[in-house]
Amino acid sequence: MPLKTITPEQLMQKMQRKEQLVVLDVRDQEKYNNFHIEGDNIQSINIHKKEIFGLEENKEKELPALPRGSEIIVTCTTGNSATKCATILAEQDYDVAVLEGGLTAWKEYLKMGNQKEK
């Protein structure tokens with residue numbers, strides 16, 4: 001089954017509609033602490049990609065931090081790690097979507113949006 005993706009624009013629209021969102025950031029904690037997607041209606045979770053890769057070997061392992069029954073938007077710097085992680089999570093029956101272009105695209109989108117408003 002192909003992975004679902006979400007564009008930065010679609011994510012912003014969801015945020016503006018005040019949808020409750022779960023964003024899983026699979027980068028190092030240091031990078032996460034430096035910058036991640038935040039919002040009043042966003043549950044931001046940082047689980048390193050290696051932990052998620054570990055699910056492949058250990059199918060019984062659970063990630064209690066990740067809610068089941070909610071769509072989880074998976075992100076990383078460019079989208080590559082997020083895609084791998086989302087694939088593994090999808091196999092574990094999580095409802096996942098990958099942020100296209102990762103946080104690099106998200107920051108670009110925010111910059112463009114701010115320029116439009118000026």
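Read the figures in this text as sums done on the coordinates, not as results from a lab. The model shown is predicted, which means the values in this text are computed figures rather than measured ones. Every residue, glycine as well, gets a Cβ built from its backbone with ideal geometry; the counts of neighbours run over all protein chains shown.
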* To do: Quick one: how many lysine pairs does segment 4-117 have with C-alpha atoms less than 18 Å apart and a gap of 8 or more or different chains? Give me the count, please.
  => 15
* To do: If a/c stays under 1.5 just call it rounded; otherwise compare a/b with b/c (prolate if a/b is bigger, oblate if not). Do that for the chain, with a ≥ b ≥ c from the square roots of the Cα gyration tensor eigenvalues.
  => prolate
* To do: State to the nearest 20 debye the size of the charge dipole of the chain about its Cα centre, where the only charges are +1 on K and R beta carbons and -1 on D and E beta carbons.
  => 400 debye
* Amide proton proximity set for Val98, modelled H, under 5 Å, gap of 5+ -> Lys4, Thr5, Ile6, Val74
* To do: In vacuum, with every alpha carbon of segment 57-118 counted as one equal point scatterer, what does the Debye formula give for log10 I(q)/I(0) at q = 0.24, 0.27 Å⁻¹? Two decimals, please.
  => -0.96, -1.08
* Structure fact -> Computed over the chain: longest principal axis from alpha-carbon atoms vs helix 102-117 long axis, angle to nearest 10 degrees, is 20 degrees
* **Net charge contributed by nearby residues that have their C-beta within less than 9 Å of Leu103 (K/R +1, D/E -1)** => +2
* Once the Cα atoms of helix 80-91 and of the chain are each reduced to a long axis, what angle between those two axes, in degrees from 0 to 90 to the nearest 10, is obtained? -> 50 degrees
* Can you tell me which of 99-105, 81-87 comes out highest on packing, and rank the rest after it, using the mean Cβ neighbours within 10 Å? => 81-87, 99-105
* Quick one: compute the contact order of the chain, relative version, from alpha carbon pairs under 8 angstrom and 6+ residues apart, as a percent. => 31 percent
